[in-house]
Amino acid sequence: PGAAPAETPAVRQMPDGAALLPRLEDAGEAVFFARWEEGKLESLVFAHQGELWAVAPDEAFLRAFLGNERIAKTTHDVKPLHRLAMELGCRLENVKMDTALAAYLLNPSGSGYDVLRLAAEYGVPAPTYEDPALTCAAVLPGLAEKLTKAIDGAGQRELLETIEIPLAEVLAGMEHVGFYVDRQSIEEYGREMERQEKELHDQIIAAVGYEFKINSPKQLGEALFEKLGLPHGKKTKTGWSTNADVLEELRDLHPVVDQVLRYRAVAKLRSTYCDGLLKVIGPDGRIHSSFNQTETRTGRISSTEPNLQNIPVRTEMGRQLRKFFAAEHGVLVDADYSQIELRVLAHVAADENMRADFLEGRDIHASTAARVFGMPQEFVTPQMRSSAKAVNFGIVYGIGAYSLSRDIGVSVKEAGDYINEYLRNYSGVDRYMKQVAETAREKGYAEDIFGRRRYLPELKSSNFNMRAFGERVARNMPIQGAAADIIKIAMIRVYRRLETEGLQAKLILQVHDELIVECPQEEADRVKALLTQEMEGAVQLSVPMTADAHIGKTWYDAKG
């Protein structure tokens, strides 16, 4: 806004970049934009000494430039360049600034981080060229300068330079290597799911007494509520609601409801996972998912095409899918953090009781149950422990008495009593929950221990529900954000250690608090120890971090 008219730098076309490389070495830095078409690099455009140099992606130049440690590199979205370097058998060295990652840190709720949108947002004048890649390259020096100042102003340089920029290489490595899958077994499982789907379909039609489309909410509603007379809510313009919550309430009233829920689960497994996974297996027999660094507001990594973080784990039928993800040669080593969010909560809330539970190695959920129910730990029943677990994790997400009552099957009053008793025993947590929301209201954002922020305009809203949402996020973000940053630090440490020790092992997947490494059998024990050590040493909190690791031929086996 209010930017001065943009000068239009002259454009020079370079067939191979050979003449430009010495100039970049002399300058010690390069600001450039990479133009991709359908995953293929079309050109690099350098903004150099007031001119634009468009360089064809000649392999010899790319190797010489990307691998040159003497040239500090500023660009936009560095991850695909890391992947390109890996395909060329070299590595991308000395990345100084990634304007996409910097912009994301400064505004994780942004609707997009493309260069021209950011230039407009930060008041960087943009000249007009027919080729938008030239315009993007022309604004990059000014944009990088503005973002660097903003990052320093927010105290986020260390977060950018020691976590986000190094992580881009790790994610590129995971994409490049991929995860081997057993195509034949997936096809067989898909056929079995199809058989079960048909069987359930026939059972449902027989129970209702006439043919209808089970996948049509309108027709299903008519079958359940009008033909069978099951209890229902209000009728809307589109018919009766048949969503999962409604059907769960009715599961015990008629066998057909359970059949419908199972039918939906089987149909989703077959279409989303069996059919979906078969479509994305590469020629090498591996799935190369895309890992996104700038998608979530909490700092968590997400994955697409396919979303491997969404493989179902709650049902045995869903867990079976993990049997099809395997080590092509050798084994998988799988490690995940134990109760990372509760450990972060114990640290940030400085709660003496919770810290003591972790420092003394107690079962945190059984210990919580003993405190909340006022009895020695040896008398805690599995049901009590389960209720305490729901409170422990619910507190992190700002759970209320009504939601907790539904989760653990007690009255709203009982659930409210559990929460009050919990906060009385864990007074540090109670204090933290109040204080962190107040601090976020004053500052306008919540922040984790690494300086990651989430801005919360909702806290100033005149709408009660919006304010309540903002308060829940303010309490939760510092915990979720820190957990996300800890796993990122662990990934960087594991990736570098595997490399420096000259192991053949490769980090291939991150899912929530879990890392998976593929390695030859003879490296397995060493990798297991290394993985555990680097994950547990990723950060020093006032309570210990613990990671559990297992070895197996498939993801299912390695989950222990």
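The values are calculated or read from the model by the stated rules, or taken from the named source; none is laboratory data. All values derive from a computational prediction rather than experimental measurement. Cβ sites come from the backbone with ideal geometry, for glycine too, and all protein chains shown count toward neighbours. Just so you know, the surface numbers come from the protein's heavy atoms only, side chains and all, with ligands and any DNA or RNA stripped out. Shrake-Rupley method; radii C 1.70, N 1.55, O 1.52, S 1.80 Å.
Things worth noting here:
- Test result for residue 492, more than 18 Å from residue 550 (Cβ to Cβ), in contact with a Pro (Cβ under 7 Å, 6 or more places away or on another chain), assigned to a helix (DSSP H, G or I) and not acidic (Asp, Glu): yes
- Residue ID - surrounded by the fewest Cβ atoms within 10 Å (Cβ to Cβ), chosen from residues in the stretch 243-299 that are assigned to a loop (DSSP other than H, G, I, E, B) and among the hydroxyl-bearing types (Ser, Thr, Tyr): 296
- Residue 231 vs. criteria closer than 30 Å to residue 518 by Cα, out of contact with any helix residue (DSSP H, G or I) (no Cβ under 6 Å at 6 or more places or on another chain) and not in a helix (DSSP H, G or I): no
- Taking the conditions (1) among the β-branched types (Val, Ile, Thr); (2) buried (at least 24 other Cβ atoms within 10 Å of the Cβ); (3) in contact with a His (Cβ under 8 Å, 6 or more places away or on another chain) in turn, residue 527 satisfies each one other than (3).
- Among the candidates 106, 62, residue that is of a type outside the set (D, E, K, R), more than 18 Å from residue 139 (Cβ to Cβ) and touching a residue at least 24 places away in the same chain (Cβ under 8 Å): 62
- Filter result for residue 169 (out of contact with any Leu (no Cβ under 9 Å at 6 or more places or on another chain) and within 25 Å of residue 498 (Cβ to Cβ)): no
- Only one of the numbered conditions (1) assigned to a helix (DSSP H, G or I); (2) at pLDDT below 95; (3) open to solvent by less than 40 Å² (accessible area, probe 1.4 Å) is not met by residue 192, and that is (3).
- Residue ID - surrounded by the fewest Cβ atoms within 10 Å (Cβ to Cβ), chosen from residues in the stretch 150-183 that are out of contact with any helix residue (DSSP H, G or I) (no Cβ under 8 Å at 6 or more places or on another chain) and either of a type in the set (A, V, I, L, M) or at pLDDT below 95 (or both): 177
- Residue in the stretch 79-93 that is surrounded by 23 or more Cβ atoms within 10 Å (Cβ to Cβ), modelled with pLDDT of 95 or more and farther than 21 Å from residue 176 by Cα present: no
- From 344, 313, residue being closer than 30 Å to residue 543 by Cβ and assigned to a loop (DSSP other than H, G, I, E, B): 313
- Identification of strands (runs of 3 or more DSSP E) wholly contained in the stretch 505-560 with 2 or more residues that are touching a Lys or Arg at 6+ places or on another chain (Cβ under 8 Å) and modelled with pLDDT of 95 or more yields 514-519, 547-552.
- For residue 36, the conditions (1) assigned to a strand (DSSP E or B); (2) open to solvent by less than 70 Å² (accessible area, probe 1.4 Å); (3) not charged (D, E, K, R) all hold with the exception of (2).
- Between 537, 502, 470, the distinction of being surrounded by fewer than 16 Cβ atoms within 10 Å (Cβ to Cβ) and free of Cβ contacts under 8 Å to residues at least 40 places away in the same chain belongs to 502 only.
- When 148, 128 are checked against the criterion of being outside any loop (DSSP other than H, G, I, E, B) and of a type in the set (Val, Ile, Thr), a single residue qualifies: 148.
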